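Have a look at the structure below, then the notes.
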Amino acid sequence: MINFLDLAGTFVFAVSGTHTAIQKRFDLFGALFIGFVTAVGGGTLRDILIGSTPVSWMKDINYFYIIVAAVIFTIRFRNFVQKLRKTLFLFDTIGIGVFTVIGLEKALMIGIPIPMAIIMGVASAVAGGILRDVFSNEIPLIFHKEIYATACFAGGVLFIILYKFTSLSESFTVLSTVLVIITIRILSVSFNWSLPRLPKHENHGD
């Protein structure tokens, strides 16, 4: 199930990146590049930090095929994809839930302490989107007031609780974590929940 969700999340993130490239009027290479880094950026950062090299997408050609297919699909059906913006939001939300779990599990498997494992989960989920926004000259979404990385962090904490302190099956733990992340993200957007912004420094002079 994890492998399937990983590939599905890769496709969704590639679509998200390519859609952004189309909106920015990038050329074909730019669309392929943005789609690629959005899809594998988080996993690449995670694998490098935990010392799992070559990184996962370099060992499985299916990642390459899926990303290319996502780019072609998004370009070919760009008007249809544009109409599915709410659906894309849902898919992107599913993607961050999936990649949070994958990052967490990989980190725990090699004995990384729990707090660092949660950070690896969050990094896996959001790094691709950060790269997409940076290369597209946008402020990364996690720096906005929206609940994004915070949802991944909350899901990561839930995963640890269920994984370490209950006898529930791995499938139930994974699905519960992904659903909680999706729910927090959707509710935060629907009800405009946000973290408080830091106040500006006031310079009163001498």
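Throughout, read-outs are computed from the coordinates displayed, never taken from laboratory work. Just so we're clear, the structure is a prediction, and the values are computed from it rather than from any experiment. Neighbour counts run over all protein chains shown; Cβ positions are idealised from the backbone, glycine included.
Here are the numbers for this structure:
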item: Of 50, 139, 111, farthest towards positive along the dipole that unit charges on Lys, Arg, Asp, Glu beta carbons give the chain; result: 139
item: Stretch gain in nm, segment residue 90-residue 195, where the contour uses 0.36 nm per residue and the Cα spacing is subtracted; result: 35.7 nm
item: Subset of 24/86; 59/86; 59/106; 24/106 violating a 23 Å alpha-carbon distance limit; result: 59/86; 24/106
item: Computed [θ] at 222 nm, deg cm²/dmol, the chain (DSSP H ≥ 4; -39,500 (n - 2.57); rounded to nearest 500); result: -25000 deg cm²/dmol
item: Stretchable slack from residue 138 to residue 29, in nm (0.36 nm times residue separation minus alpha-carbon distance); result: 37.3 nm
item: 11 Å beta-carbon shell around residue 38, net charge (K/R +1, D/E -1); result: -1
item: Lys, Arg +1 and Asp, Glu -1 on Cβ, resulting dipole of the chain about Cα centre, debye, nearest 20; result: 500 debye
item: Total formal charge among the other residues, if their Cβ is under 12 angstrom from that of residue 106, Lys/Arg +1 and Asp/Glu -1; result: -2
item: Karplus 3J(HN,Hα) series, Hz, for the stretch 49-59 with 6.51 cos²θ - 1.76 cosθ + 1.60 (x for Gly, Pro); result: 5, 8, x, 9, 10, x, 5, 4, 6, 7, 9
item: Protection proxy ranking, peptides 36-45, 177-186, average beta carbon neighbours within 10 Å, highest first; result: 36-45, 177-186
